1. Taking the stated definitions as given, is residue 998 farther than 30 Å from residue 814 by Cβ, at pLDDT below 90, surrounded by 20 or more Cβ atoms within 10 Å (Cβ to Cβ) and among the aliphatic types (A, V, I, L, M)?
2. Can you give me the number of residues within the stretch 752-785 that are modelled with pLDDT under 85 and part of a loop (DSSP other than H, G, I, E, B)?
3. Which of the numbered conditions does residue 730 fail, given that it passes all the others? Conditions: (1) of a type outside the set (Val, Ile, Thr); (2) under 47 Å from the mean Cα position of the chain (by Cα); (3) assigned by TED's automatic domain parsing to the domain that holds residue 624; (4) not in a strand (DSSP E or B).
4. Considering only residues of the stretch 578-610 that are in contact (Cβ under 8 Å) with a residue 40 or more places away in the chain and in a loop (DSSP other than H, G, I, E, B), which is farthest from the chain's Cα centre (by Cα)?
5. Can you confirm whether the stretch 788-797 contains a residue that is of a type in the set (Asp, Glu), part of a strand (DSSP E or B) and either in the same structural domain as residue 845 (by TED's automatic domain parsing) or farther than 30 Å from residue 663 by Cβ (or both)?
6. Can you tell me which of 805, 795 is out of contact with any Cys (no Cβ under 6 Å at 6 or more places or on another chain), closer than 30 Å to residue 898 by Cα and either surrounded by fewer than 16 Cβ atoms within 10 Å (Cβ to Cβ) or free of Cβ contacts under 8 Å to residues at least 12 places away in the same chain (or both)?
7. Identify the single condition in (1) free of Cβ contacts under 8 Å to residues at least 60 places away in the same chain; (2) exposed (fewer than 14 other Cβ atoms within 10 Å of the Cβ); (3) aliphatic (A, V, I, L, M) that residue 397 does not satisfy, given that it satisfies every other one.
8. Which number in (1) under 21 Å from residue 1012 (Cβ atoms); (2) at pLDDT 90 or above; (3) buried (at least 19 other Cβ atoms within 10 Å of the Cβ); (4) not hydroxyl-bearing (Ser, Thr, Tyr) marks the one condition that residue 823 misses?
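The values are calculated or read from the model by the stated rules, or taken from the named source; none is laboratory data. Here the structure is a predicted model, which is why all the values come from computation and not from measurement. Every residue, glycine as well, gets a Cβ built from its backbone with ideal geometry; the counts of neighbours run over all protein chains shown.
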Amino acid sequence: MFGLALPVHAADAVSVQAAKASADLAWLMAAAGMVMMMQVGFLLLEAGMVRSKNSINVAQKNLLDFVFGVVGFAVVGFMLAFGRSGFLPVGLDPDYFLLQGLDSWLAGFFVFQVMFCGTAATIVSGAVAERMTLSAYVLGSIILSTLIYPIFVHWVWGAAIGPNSGAFLANLGFVDFAGSTVVHATGGWVALAACLVIGARRGRFDAEGRPVRLAGNNPVLATTGGLILFFGWIGFNGGSTLAANADVAPIILNTVLAGGMGTCVGYVIGARQDGVVLPEKALCGMLGALVAVTAGCHLLEPGGALITGALGAIVAIVGNQYLEEKLKVDDAVGAVGVHAFAGVAGTVALALLAPVDRLPLGGRFDQLYIQIFGSALNFYWAFGLGYAFFWTLDKLVPVRVTAEAEDIGLNVAEHGTRLGVGHVEDALSKLVSGKADLGDRLPVDPGDEAEKLTRLFNHLMDNIQQQERNRSVLESQVRDQEEADRVSALANATFEAIVMHEGGVIIDGNEQFEVLTGRKIADLIGTSILDVVDQTGRRMLIEDPNPAPDVSREFQIVRADGSSIPIEARGRNIEYRGRHIRISCLVDLRERKAVESRMRHLAQHDPLTGLANRALFTETLAAHVKQANDGWGCGVLLVDLDHFKDVNDLYGHPAGDEVIRETARRLSAALGPADMAARLGGDEFAIILGNCHFEAQCEDFGRRLVEAFRQPFDTGQGERIKCGVSIGGALCPEHAGELDELIGRADIALYHAKKSGRNTFRSYRRGMDELIEKRRALEADIERGLERGEFELYLQPRVSASDALIVGYEALVRWKHPERGMVQPGDFIPVAEVSGKIIELGEWVLIEACRLATDFPEHLHISVNVSPVQFRHPQFLERIEAILDASGVSPHQLELEITESVLIDDDQRARLILGHLKTLGLRIALDDFGTGYSSLSYLSRYPFDVIKIDRSFVSALGTEETADAIVRTIIDLGSGLGMRVVAEGVETVDQARYLSVAGCDELQGYLLGRPQPLDSVASEVSAEVVSELTSVARLAAHRHKRLSRTGSETGLALAANGN
């Protein structure tokens, strides 16, 4: 019996195993059905959370991503996920390609797994809602279902059917029971990649970047979808056991506890953050909790499930807020936070919350490490491939709908279908805001739920449009009448001529138009406007008969008598008495043209003389130069009055102005019909010879001008002044072909005329500018010479006439040029003055002279010449004081020599400066006395200590009687005013004897010592000169005694003869 019983027990075991297999398969199919219900839940949730104009599109995407996912997963995805691994970590089992060779259990397993694949694809739909094209979304679903999702499934669940080396994450101990990471995070990361590529919805963020809540159209529908998802999650997690066993109940318990806790947390967070309970916060908390618990629902205790649910809810809500507020990512339904962020949180948290003995790796740290590694790998894989796909696709075809399609909604743009009355609401909104086009009408779809409302809206638009049309017609009529009345009133009141014409034919006008044309308006009506204008006006009116109102045109009206009047015309087209006409306003420009002519003359002519000014001269000369280069010669003459400044200083500015006016008259009198005279400024004039071909013509004209100016000028105040001219001329194109070059050549010629003694004419000759170039080179050498220390002071002794002792020295600057050799002062001093280098050179001389004087005995002084340019410098006194302080020289040892030109330039300033120098203790000497205009008056007005007789008088002693008289007069004046008198240029003993007898105090000249460097300078006078001067002194003393007794004046002559 025992032996017969064995087959019975074996049969029972087989029956039990078969029954269990059937029960497992039945549970797996029931769970798969519940997971498929999640597709309905996602559809309702996402359709309710978007705006109604896009809800059809969202529903279609949920449907299509599921069915395309099923097909793709069946064709290749299932093989990649669960097939045996080859040389790559993916399934490449041909038995699973196109689901070949599946038994009933594997078929059930596929059905369950394809629901997971559909869930992963559906997650993307909500995130990119309202802006991604349907075709791009379907392509993304196919890539997700056939590549991204299956390969990661293989790494985690690839050993679900049997051992598999490609399931390396599972083999490492990675735990994701029902797909927190494999399903939800994969879909979430692909959704994030898609959101980044397509950007935010229009209006999702304001101008400052703050998020704007775009509320869904049906929160009830969304909440219903959430509850269906809660129900489906029971099959999602419970079915992952793949068997109907005792583990199902705890798993479902943990799922329900986590979902409930997450919903509560979402409610609390929403209430605290928003003050109201926004539906999406509670739904976000619930779904985040369900996603989080999915990874470890088979390991967690109920308490751990509650904590995981709370964690998932918090991570989902906060994660979505971070994406929205910080990263400006627009996730329409919050899918990334719920599925990606919460999925990772739940996957990682199970290592910390599940009992240690249930962890595959037996330790929390090891399990935590592998959980983090798997989650990170999932991010890089899913997000990386997702972003690469959508970025590439966007470069090939746009993945985002157009702005117009987004505005009208994807229901209409992609499906040609409306839902509800949203389109009518939008149209009414535009109408109320004033943005509607009154010609727009809504299309009427028979049978549509909004058909009646659409017809009512279109009828309303018809009425509004008709009323607007009637109002426009009435306004146009009123405006035309007002325009006609206004034109009539203005035409009668204005001072300008008004003419109205239609098609160029005059139909009316005002009285001023009659006056302007010299014709009666009755005679003008019916005639062409072209008959009363000149040729220019005809051309303008024919080319553009109706210019814009702001366009003004100038032409001339031709009067009845044939005369012309310049006018400015403006016009506009109006409705006048029911006719389209043009009204023109004609302004008489005669007065304005006259004023413009006067202003133009003032702008181009000198007000004092009436001659052309520099601007007109330059413009006219430029035209002549251009003609000259084309074969017509011309010439230019630059004219300067000689010593004109002296005229102003001596006779006053009124006399100077009269000289300028008379100069203009004389120049104008000499001009030919093609010539022009101009005043360039001050005493500078210019003449353009417009028909000058030969140098002889230019020279003849210049010499005639010089001769004309030999006649004195009558100032009108009873005074006649002689003032000659210096003239320089140049020809074009002989001397220069460019304007600036031509003027420069004439200026060079003028310079040579002045250097030749003034009151003469010079024509430009080649080589003249070489002197200018030499002067420029000398200027540069002076600057370098100061830097290199090439200058040196030479000293020439000044000797007392009474005892022949040296009482001081005059400091004379010398320049030893390294290439030119010794340069004479007469060559470089004028150049230094013209260039301004005399300031720096003169300061160096003062500093060096003071340095030398510090070693002199107290009874010796040093005399320094001061240039007029240096004297006029604003900082002259300041620099003198600084040099005295720095050197420490005694002020009475320094004597400054100035010339009369300093005093002529600015009398008042010269007195102030000389007075200040005297307060410093300096000696002041008047150099070259007797050569100026008013030399004698200076002696009483300025604080001079010394008078220096110019060498020209000294050299003429004994040869010119006037020189003897002048020298005696100067010496007597100096003695009478208490000033010492110094004679310069003493070269003979006879001159020294005469000056000593005449009473001169000091002598200076080659006889007494030549200028020498300090180490060679004479310290005493030759014995012969000493003997002669002392002898003269004794005789002068003897003569003085005799004169005092007899009063005779013959002693002076006897002494001079050596008797």
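1. Yes: the conditions hold for residue 998.
2. Within the stretch 752-785, residues that are modelled with pLDDT under 85 and part of a loop (DSSP other than H, G, I, E, B) number 5.
3. Tallying (1) of a type outside the set (Val, Ile, Thr); (2) under 47 Å from the mean Cα position of the chain (by Cα); (3) assigned by TED's automatic domain parsing to the domain that holds residue 624; (4) not in a strand (DSSP E or B), residue 730 fails exactly one: (4).
4. Residue satisfying both the conditions and the ranking: 578.
5. Yes, there is a match, as at least one residue in the stretch 788-797 is of a type in the set (Asp, Glu), part of a strand (DSSP E or B) and either in the same structural domain as residue 845 (by TED's automatic domain parsing) or farther than 30 Å from residue 663 by Cβ (or both).
6. 805
7. Unmet for residue 397, out of (1) free of Cβ contacts under 8 Å to residues at least 60 places away in the same chain; (2) exposed (fewer than 14 other Cβ atoms within 10 Å of the Cβ); (3) aliphatic (A, V, I, L, M): (1).
8. Going through the list (1) under 21 Å from residue 1012 (Cβ atoms); (2) at pLDDT 90 or above; (3) buried (at least 19 other Cβ atoms within 10 Å of the Cβ); (4) not hydroxyl-bearing (Ser, Thr, Tyr), residue 823 breaks only (2).
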